[in-house]
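Working notes, beginning with the structure itself.
The values are calculated or read from the model by the stated rules, or taken from the named source; none is laboratory data. Remember, predicted model here, so these are calculated numbers, not experimental data. FYI the Cβ positions are ideal-geometry reconstructions off the backbone, even for glycines, and counts take in every protein chain you see. Accessible surface is based on the protein model in full, side chains and every heavy atom, while ligands, DNA and RNA are left aside. Shrake-Rupley method; radii C 1.70, N 1.55, O 1.52, S 1.80 Å.
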Amino acid sequence: MGTPPEAAERVGSLRAQIDRYNYHYYVLDDPLIPDGEFDRLLRELQILERKYPELVTPASPTQRVGARPLEAFEEVEHKVPMLSLDNALNDRELEDFDRRVRERLEVAAPIIYAAEPKLDGLAINLRYESGMLVQAATRGDGEHGEDVTQNVRTIPSVPLQLLDGDWPEVLEVRGEIFMPTAGFEKFNRSALEKGEKTFANPRNAAAGSLRQLDPRITAQRPLAMFCYGFGDLSVADLAVTYSAAIGLLPRWGLPVSPELRRVEGVTGCQHYYRELEKRRFQLGYEIDGIVFKVDDLGQQRSLGFVTRHPRWAIARKFPPQEEMTRLLAIEVQVGRTGAVTPVARLEPVNVAGVTVTNATLHNADEVRRKDIRVGDTVVIRRAGDVIPQVVRVLPERRPPDLIEFRMPSHCPECGSDLIRDGDGVVLRCSGGLYCPAQRKEAIKHFASRRALDIEGLGDRLVDQLVEKGVIETPADLFTKLNPAILSGLERMGEKSARNLCAALEKSKETTLARFLYALGIREVGETTAHALAQHFGNLAGLMKADTESLLAVPDVGPVVAEHIHAFFHQMHNREVITALQSAGIRWNDTQAARAEQQPLAGKTLVLTGTLSRPRAEIKEQLQALGAKVSGSVSGKTDYLVAGEDAGSKLDKAGKLGVAVLDEKGLEKLLQSVGHA
Ligand code: IVH
């Protein structure tokens with residue numbers, strides 16, 4: 001019995017669709033269909049292939065993970081060696097590089113450089129023959145690497161088959177495999193929750209994931225790739241310049257960095273460096289510098305190589321994200337929800353431009369696993385605004401006789417028993433609001449900028465007020481404080497006391513979403529608070545909701561629904577809410593009315609560049625009007641709001657024909673819906 005022609009036809013059509021959606025998703029960063037629809041197509045293809053195995057081909061999107069675990073990786077000899085880059089650690093070294101380039105080329109005019117991020121992952125060589133991925137190899141020692149083809153096939157942004165086009169018969173592209181920050185943090189968070197080993201940084205995570213003998217493990221890790229060079233080719237050159245050659249890749253389905261620019265001379269390089277250094281922590285993946293490459297391939301050829309690196313390229317490094325220092329003490333901190341975490345007190349050390357004196361140690365299991373002891377020399381890592389972390393100790397620097405760290409059995413703040421959370425890793429103080437630490441944290445959260453935004457109510461002041469027994473709940477802020485009481489406190493003049501009272505008064509007028517966030521319900525962050533406010537429109541409805549109706553809210557799963565339900569059924573919480581409302585906390589219910597009736601309902605906006613107000617503030621204003629504010633430009637974006645120094649998002653909006661608004665345009669839009 002032969003294969004029915006309809007089946008073969010459907011299989012072909014499904015593959016073409018899936019490849020195209022993948023390309024839009026991973027290369028163009030422009031998803032065409034919802035994930036659920038994509039999964040449905042893939043599943044249909046899997047079912048058909050299972051029924052008609054003769055239709056399976058190696059490049060089918062179902063074949064990314066198929067192979068069995070390996071015993072060991074095979075060695076691969078690189079046809080063209082994979083070299084490394086020389087570094088410039090400051091502006092002067094970059095100027096020296098540029099001077100050497102011009103002297104060798106004997107040109108006085110500024111050189112055109114291709115500038116792009118130096119990705120912090122690991123280098124890979126992909127070999128395509130007749131458009132099919134036949135081999136993926138790590139760099140190894142530059143001459144010989146390891147065959148990791150099975151694993152690389154599981155990375156969704158790497159095409160198994162090049163898209164239609166004029167690719168050369170043999171095409172070796174080189175690039176970096178990396179783990180985007182969000183995926184890295186998610187991976188570590190879940191490892192911490194399960195009490196499993198975490199990765200020290202995204203680079204290690206990418207390397208560790210790629211060097212798995214079992215490709216099914218690699219397939220579960222969120223890896224990505226950008227291409228930045230070539231190896232063996234069956235043609236001489238693909239173009240006259242590096243940037244033009246790299247520019248061909250996306251058409252063939254190969255991803256390249258959206259940050260690639262051509263810049264003029266060393267001043268152009270420096271300008272690019274400064275600009276990207278500012279955005280370094282917002283890219284979504286880690287970079288440790290900028291690579292500048294002479295763009296003209298003829299000039300590259302005449303410059304040639306010195307031993308291990310090209311004379312036509314240099315890596316201008318950023319300040320490192322990891323430094324070492326001494327661990328002076330481990331203190332135990334009690335958070336708002338009672339979770340108890342060990343915190344490292346450190347000898348001050350500058351990490352990527354910021355002085356670090358404290359770092360998180362996550363939880364007791366993690367301290368034990370890494371065997372971190374007071375007196376150790378430790379490696380500290382800082383990634384953007386994230387709390388610095390202790391990643392490991394340097395055992396060779398350990399003085400003798402350091403003692404192992406032990407968690408206390410009772411809360412250091414209130415003496416209550418510490419109990420293990422449901423799945424065992426998190427220790428929690430059982431004191432609840434009896435515990436002054438939890439009370440303090442609950443009030444600080446309530447007053448914080450994204451909650452009720454009470455200006456002038458600093459952490460120290462809250463500590464004092466709770467310790468002196470002046471206040472116990474957020475409601476007490478409005479009923480127990482007055483200028484007389486406040487000016488009697490340490491470091492509190494009459495003027496600041498009056499200002500704080502005015503700020504308290506001002507904070508009473510708020511939004512339902514802010515109020516819900518301020519309550520500090522477990523697992524209810526800003527996004528969930530927003531979704532709840534949108535869905536219910538008023539507090540009474542939400543307080544009455546059972547878990548089933550809570551599950552109908554986008555962003556709310558069973559665990560969160562349970563937390564919300566339990567919170568509103570605690571007598572104590574209901575009393576605080578009533579007290580807050582009688583103290584005059586108010587919001588406009590209609591502001592949170594159903595999304596579809598709002599003036600910007602159904603509109604998607606993206607914010608980019610430097611704007612005159614904080615992005616979070618604009619975002620909140622737009623969301624309150626029913627708009628969706630997204631992080632990346634796609635075919636579904638209605639407006640891109642572009643401030644100064646807008647970069648790749650602006651280019652992309654141009655390509656996709658998305659309307660671009662400057663700040664004036666945004667104000668006009670807001671005026672037109674009556675909210676400027
Ligand atoms: S070009 C012959 N471009 O840095 C030049 N390398 O120290 C080959 N890297 O092994 C490299 N981002 O792993 C180049 N945009 C980029 C890069 C980059 C990261 C890594 C790569 C290489 C190392 C060189």
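Solvent-accessible surface of protein heavy atoms, probed at 1.4 angstrom with all chains present, puts K468, K619, K495 in the order K495, K468, K619, largest first. For the stretch 455-494, GluC sites (Glu not before Pro) are listed when DSSP marks them as loop and at most 11 other Cβ atoms sit within 10 Å of their Cβ; the list is E490. When only the Cβ of Lys, Arg, Asp and Glu is charged (+1, +1, -1, -1), the dipole of the stretch 318-471 relative to its Cα centre reaches about 60 debye.
If I compute solvent accessible area with a 1.4 Å probe over the protein chains, what percent of it on the stretch 595-667 is carbon and sulfur?
C and S atoms contribute 48 percent here.
What the Cα atoms of the stretch 112-160 give is an Rg and a Dmax of 12.7, 39 Å. Cα centroid distance between the stretch 206-225 and the stretch 164-188, in Å? Their Cα centres are 12 Å away from one another.
With Cα atoms as the point set, the stretch 515-661 shows a radius of gyration and Dmax of 18.0, 56 Å.
By a 1.4 Å probe calculation restricted to protein chains, V379 has an accessible surface near 10 Å², given to the nearest 10.
For the peptides 186-192, 388-394, the ranking by packing is 388-394, 186-192, with the highest mean count of neighbouring Cβ atoms within 10 Å listed first. Between L122, P5, N87, the Cα set farthest toward the positive side of the dipole of the stretch 2-133 (charges on each charged residue's Cβ, about the Cα centre) is that of P5. Might you report the magnitude of the Cβ-based charge dipole of the chain about its Cα centre, with Lys and Arg at +1 and Asp and Glu at -1, to the nearest 20 debye? With Lys and Arg at +1 and Asp and Glu at -1, about 1200 debye.
A probe of 1.4 angstrom, applied to the heavy atoms of all protein chains, finds V240 with accessible area near 110 square angstrom.
In order along the stretch 636-653, the phi-based Karplus estimate (6.51 cos²θ - 1.76 cosθ + 1.60, θ = phi - 60°) of 3J(HN,Hα) comes to 8, 6, 8, 9, 9, 8, 10, x, 6, 6, 5, x, 5, 5, 5, 4, 5, 4 Hz; Gly and Pro are listed as x.
By a 1.4 Å probe calculation restricted to protein chains, T149 has an accessible surface near 20 Å², given to the nearest 10.
In the neighborhood of D476, defined by Cβ-to-Cβ distances under 14 Å, what is the net charge if each Lys or Arg adds +1 and each Asp or Glu adds -1? Taking every other residue near D476 into account, the sum is +2. Restricting the stretch 1-108 to trypsin sites (Lys or Arg not before Pro) that sit in a DSSP loop and have at most 12 other Cβ atoms within 10 Å of their own Cβ leaves K79. Placing a label point 7 Å from the Cα of D638 along the Cα-to-Cβ direction, the residues of the stretch 609-625 with a backbone N closer than 14 Å are 622-625.
Taking 4.7 Å between C-beta atoms as the pairing limit, the chain has these partnerless cysteines: C227, C269, C501.
Positive end of the dipole of the chain, charges at C-beta (+1 Lys, Arg; -1 Asp, Glu), about the Cα centre: which of F226, G631, A206 has its Cα farthest in that direction? Of F226, G631, A206, it is G631.
Here's the picture: charge each Lys and Arg Cβ at +1 and each Asp and Glu Cβ at -1 in the chain, and of G289, H78, G456 the one pushed furthest to the positive end of that dipole is G456. Accessible surface area normalised per residue over the chain is 49 Å², counting heavy atoms of protein chains with a 1.4 Å rolling probe. Across the protein chains, with a 1.4 Å probe defining accessible surface, the residues Y272, Y639, Y52 rank Y639, Y52, Y272 from largest area downward. When both bridge partners sit in the chain, DSSP labels roughly 80% of those beta bridges antiparallel.
Using only alpha-carbon positions, what ratio does the radius of gyration of the stretch 473-601 give when scaled by 2.2 N^0.38 Å? Intermediate values should be presented prior to the final figure.
Details: Rg = 16.9 Å, N = 129, 2.2 N^0.38 = 13.9 Å.
Against the empirical 2.2 N^0.38 Å value, I get 1.21 for the stretch 473-601.
Each label point was placed 7 Å from the Cα along the Cα-to-Cβ direction; for Q220 and I387 their separation is 2.7 nm. Measuring between their Cα centroids, the stretch 569-589 and the stretch 597-629 lie 29 Å from each other. Please say if the stretch 124-230 is rounded, prolate or oblate, where rounded means a/c under 1.5 for a ≥ b ≥ c the square roots of the C-alpha gyration tensor eigenvalues, and otherwise the choice is prolate for a/b larger than b/c and oblate otherwise? Note, shape of the stretch 124-230 comes out prolate.
Loop only by DSSP, 12 or fewer other Cβ within 10 Å of the Cβ. Give me the trypsin sites (Lys or Arg not before Pro) in the stretch 269-342 that pass, ordered by residue number.
Values: sites: R274, K278, R279, R280, K293, R301, R308, R311, R316, K317, R326, R336; in loops: R308, R311, R336.
Of the trypsin sites (Lys or Arg not before Pro), the ones in loops of the stretch 269-342 whose Cβ has at most 12 other Cβ atoms within 10 Å are R308.
Computed log10 I(q)/I(0) for the stretch 262-420 at 0.15 Å⁻¹: -0.88, from the Debye equation with unit scatterers placed on every C-alpha and solvent omitted. Distance from the Cα centroid of the stretch 268-320 to that of the stretch 447-489 is 51 Å (rounded to whole angstrom).
Counting only residues at least eight positions apart within a chain, or on another chain, the lysines with an alpha carbon under 26 Å from that of K293 are K79, K118, K278, K317, K649, K652, K655.
With helices as the sole contributors, the chain gives -10500 deg cm²/dmol at 222 nm; each DSSP H run of n ≥ 4 counts as -39500 (n - 2.57), and the sum is divided by every residue. Eigen-decomposition of the gyration tensor built on the alpha-carbon atoms of the chain gives equivalent ellipsoid semi-axes of 48, 32, 28 angstrom, largest listed first. Backbone phi angles across the stretch 577-589, fed through the Karplus curve with coefficients 6.51, -1.76 and 1.60 (θ = phi - 60°), yield HN-Hα couplings of 4, 4, 4, 5, 5, 6, 6, x, 5, 9, 8, 9, 4 Hz in residue order; Gly and Pro are listed as x. Stretched out straight at 0.36 nm per residue, the stretch from Q581 to R615 would grow longer than its current Cα-Cα span by 9.3 nm.
When Rg and the Kirkwood radius Rh are both evaluated on Cα atoms of the stretch 1-129, their ratio Rg/Rh stands at 1.18. In plain terms, the chain from A109 to E77 could stretch by 7.5 nm, reckoned as 0.36 nm per residue minus the Cα-Cα distance.
Extension gain for the segment S448 to H572, taken as residue separation times 0.36 nm less the Cα-Cα distance, is 42.5 nm to one decimal.
Averaging over all projection directions, the Cα-based convex hull of the stretch 600-648 occupies 3.2 nm² in the image plane.
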